[in-house]
1. Cβ under 12 Å from Thr271's Cβ, Thr271 left aside: what net charge do those residues give with Lys, Arg +1 and Asp, Glu -1?
2. Work out the count of Lys pairs in the chain where the Cα-Cα distance is under 29 Å, with the pair 8 or more places apart or on different chains.
3. Using a ≥ b ≥ c from the Cα gyration tensor of the range 35-90 (square roots of the eigenvalues), is it rounded, prolate or oblate, where a/c under 1.5 gives rounded and otherwise the larger of a/b and b/c decides, a/b for prolate?
4. For the range 209-279, rounded, prolate or oblate, judged on the Cα gyration tensor with a ≥ b ≥ c (square roots of eigenvalues), a/c < 1.5 rounded, else prolate if a/b > b/c?
5. Can you list residues from other chains, or at least 5 along the same chain, whose modelled amide H is less than 5 Å from the amide H of Phe38?
6. Work through the residues other than Ile165 whose Cβ is under 11 Å from its Cβ and net out their charges, Lys, Arg +1 and Asp, Glu -1.
7. Considering only protein heavy atoms and a 1.4 Å probe, what is the carbon-and-sulfur percentage of the accessible area of the chain?
8. So in the range 44-118, what percent of DSSP beta bridges are antiparallel if you round to the nearest 5?
Amino acid sequence: MRKFPAVVALFFLAAATAVVAQPIPSAVISDPPPDKAFPAEMDAVAIPSHGSAMHGVLYLASGAGPHPTLLLMHGFPGNEQNLDLAQSVRRAGWNVLTFHYRGSWGSEGAFSFVHALEDADSAIAFLRDPANARQYRIDPVHIAVAGHSMGGLMAAHAGVNDKAIMAVAMISGWNIGGEAAALRSASDRAQEVKSIAENMESLVGCTPESLVAEALAHQTEWNFVTYADALATRPLLLITSDDGNAPDSEALVAAVYKAGGNAITEVHFPTDHPYSDHRIALQAAFVRWLETLDTAKP
């Protein structure tokens, strides 16, 4: 695990304490009044992606809408899906779509990092489909993307591909390309294969070796620090923890500032990769950020 210098660690601790000290948004801790005509709902959906169907769940906000909508993507392999976050975001008036990438957790097809990136784009297309937008009360103009760990890379990459995405959030983003570039020896690569092998339950159509080979082949285009120019034009949320991924997020923030971006929110929590003892704080920080987004602007 990467260690922070003492001064940086103290800064992060102070920042986290300040965030926790703020009032918790009501959407995190209380239910909104029910709407009998347009109640909150949960719908299972099949999301088409390159000839396969992915399992998805739509958390629909109450009210006639149309509602701004968040695409929330899990990491590798997806044991932590952040569904508590999805519920808070819904209570804040947003729809939320979660899904399993091809070849993961029963979704059709084969898993690969390339496929997962394509799947993120397919999920956005599903939200924008006019029939789906009508049925699920989706505002296709106000779609944001977010992801945890590997999902953070998927969210950033989707934001680069789609300039109409209104905002991007990364929670402990896993910089697959940057990590692959650091695998300089056969021993490094063997250790990466071992690490992947220990964390790929539910995945089909791939091997640890094939995934590492993918990362090595795409190390340049999957280094999210290089996405700064494309992401600088939109609001960006980066949440980090003590899991070792923070330096890459910090590098992205510095690059976005250099590219002229100024709508950046940074939050650090002294906790583990799944934010095990900071779940309420995570939801509160995320909802506060959503409250800063302009969902009325056409």
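1. -3
2. Close lysine pairs found across the chain: 6.
3. Cα axes put the range 35-90 in the oblate bin.
4. oblate
5. Those qualifying (amide H under 5 Å, at least 5 residues apart or on another chain) are Gly63.
6. Numbers: positive: Arg128, Lys163, Arg234; negative: Asp121, Asp162.
Once all neighbours under 11 Å are counted, the net charge is +1.
7. On the way: 7350 of 12660 Å².
Its accessible area is 58 percent carbon and sulfur atoms.
8. 70
The values are calculated or read from the model by the stated rules, or taken from the named source; none is laboratory data. Every value quoted in this text rests on a predicted model; they were computed, and no experiment measured them. Every residue, glycine among them, receives a Cβ derived from its backbone with ideal geometry; neighbour counts consider all protein chains shown. Calculation scope for accessible area: heavy atoms of the full protein, side chains included, ligands and nucleic acids excluded. Shrake-Rupley method; radii C 1.70, N 1.55, O 1.52, S 1.80 Å.
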